[in-house]
Amino acid sequence: MTKSQQLAEFAHNLKYTKIPKQVIKKAKLHIMDNLGVALVASKLDFSKALVSAIQEDGGGKESTIIGYGDKVSISGAALANGSLAHGVDFDDSHSQAVLHPSASIVPTSLAFGEKLGVNGKKVIESVVAGLEIVTRVGSVCPNQFHARGYHATGVCGAFGAAATGGKILELDRDRISRSMGIAGSQAAGIFEYLTDGSWIKRAHPGWAAHSGSYAALLAKHGFTGPHTVFEGRFGFFNTHIGQ
């Protein structure tokens with residue numbers, strides 16, 4: 001199996017009843033933390049511009065924007081809430097992967113979960129799957145994304161969000177792997193915002209959640225992405241860090 005197929009196997013097989021209690025407790029804390037920092041960021045100027053753009057774009061009234069109450073499309077809510085979650089830079093950090101894992105994962109799970117009306121156990125399953133995958137991807141080469149000018153939270157977050165969406169949609173192993181293959185062509189986020197302090201960094205995990213959400217939906221409907229997205233000749237690690 002390829003690397004994405006192995007990760008998809010893990011996500012597909014993960015069951016709430018098999019998750020250790022301490023992990024469930026930690027996942028709940030990640031969710032609450034995510035909601036808290038998003039609420040704080042919802043009062044800032046950048047969020048008003050972001051939400052206004054998402055509202056103008058239209059779409060279905062499916063999932064709620066935190067702090068606003070407006071319902072937008074799944075991907076729109078994922079973009080908004082993922083950006084809000086990173087908006088004050090107080091979201092959780094993973095020291096080995098050197099990224100903020102929950103900002104792309106939790107909003108994706110909540111956006112799909114609200115639309116589909118799933119229970120809390122299903123949300124926990126998808127969050128745990130996504131957090132495991134985003135941190136594993138980031139931990140392969142810690143700090144090397146940053147050295148190349150990439151924001152690891154954004155580029156790695158797309159894969160975790162795709163798996164999260166695939167899990168909550170109950171996709172099979174092949175389609176979860178395909179969703180990560182699709183997300184590989186959308187894994188982005190550069191540090192050029194450092195030159196003038198512009199707002200785009202705050203949206204990196206939001207774009208990852210948006211990309212991952214769309215990747216999962218595309219895979220659900222039979223669209224394909226490469227199973228070799230990580231280790232292939234033109235795969236993620238070769239293109240983004242040259243290894």
Seminar exercise, completed: Rh_Kirkwood(segment 160-229) over Cα pairs, Å, one decimal, evaluates to 12.3 Å
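Per DSSP helix of 4 or more residues, -39500 (n - 2.57); summed, then divided by the residues of the chain. What does that give at 222 nm, rounded to the nearest 500? Walk me through the intermediate numbers first.
Details: 11 runs with 151 residues, N = 243.
Dividing the helical sum by the residues of the chain leaves -20000 deg cm²/dmol.
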Exercise. What percentage of the solvent-accessible surface of the chain, computed with a 1.4 Å probe over protein heavy atoms, is contributed by carbon and sulfur atoms?
Worked result: 55 percent
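Hey, got the dipole for segment 45-162? About the Cα centre, +1 on K and R Cβ, -1 on D and E Cβ, debye to the nearest 20? Display every interim value, and only then the final one.
On the way: 8 positive and 11 negative charges, 54 e Å.
My answer is approximately 260 debye.
So if we plug the beta-carbon distance of Met32 and Tyr193 into 1/(1 + (r/R0)^6) with R0 = 25 Å, what FRET efficiency do we get, rounded to 0.05?
Details: r = 28 Å, r/R0 = 1.13.
Calculated transfer efficiency: 0.35.
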For this session: Please state the charge dipole magnitude for segment 121-216, taken about the Cα centre, from unit charges on C-beta atoms (+1 on K and R, -1 on D and E), reported in debye and rounded to the nearest 20.
Result: 120 debye
Seminar exercise, completed: Read-out Rg and Dmax of the Cα atoms in Å, candidates (i) 17.5, 53; (ii) 20.6, 70; (iii) 16.2, 48; calculated match is (iii)
Seminar exercise, completed: Residue-ordered couplings for segment 85-93, obtained by feeding phi - 60° into the Karplus form 6.51 cos²θ - 1.76 cosθ + 1.60 and rounding to whole Hz (Gly and Pro as x), are 4, 10, x, 10, 6, 10, 6, 4, 10
Problem set entry | Sites Asn143 and Lys15 - FRET efficiency at Förster radius 35 Å, r taken between beta-carbons, to 0.05 | 0.55
For this session: Would you mind computing, in nm to one decimal, how far apart the modelled labels at Ser52 and Phe234 are, each placed 7 Å from Cα along Cα→Cβ?
Result: 3.9 nm
For this session: Answer with one residue from Gly59, Thr2, Leu194: the one whose Cα lies farthest towards the positive end of the charge dipole of the chain, charges on Cβ with Lys, Arg +1 and Asp, Glu -1.
Result: Thr2
Seminar exercise, completed: Heavy-atom accessible area per residue of the chain, all protein chains kept, 1.4 Å probe, expressed in Å², is 44 Å²
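Considering only DSSP states other than H, G, I, E and B, which trypsin sites (Lys or Arg not before Pro) in segment 201-243 qualify as loop sites with at most 15 other Cβ atoms within 10 Å?
Counting only loop positions with at most 15 other Cβ atoms within 10 Å, the trypsin sites (Lys or Arg not before Pro) in segment 201-243 are Arg233.
For a 19 Å ceiling on Cα separation, which of these pairs sit above it: Lys3/Lys121; Lys18/Lys121; Lys26/Lys48; Lys28/Lys122; Lys122/Lys167?
Lys3/Lys121; Lys26/Lys48
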Seminar exercise, completed: Phi-derived 3J(HN,Hα) across segment 50-57 with the Karplus relation (6.51, -1.76, 1.60, θ = phi - 60°), rounded Hz, x for Gly and Pro, is 4, 5, 4, 5, 5, 5, 5, 5
Exercise. For the chain, what is the charge dipole size about the Cα centre, in debye to the nearest 20, if Lys and Arg each add +1 at the Cβ and Asp and Glu each add -1 at the Cβ?
Worked result: 700 debye
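The values are calculated or read from the model by the stated rules, or taken from the named source; none is laboratory data. Note that the structure is predicted; figures quoted are calculated from it, not measured. Neighbour counts are summed over all protein chains in view; Cβ atoms, including those assigned to glycine, are modelled from backbone coordinates with ideal geometry. All accessible areas refer to the heavy atoms of the entire protein, side chains included, with ligands and DNA or RNA removed. Shrake-Rupley method; radii C 1.70, N 1.55, O 1.52, S 1.80 Å.
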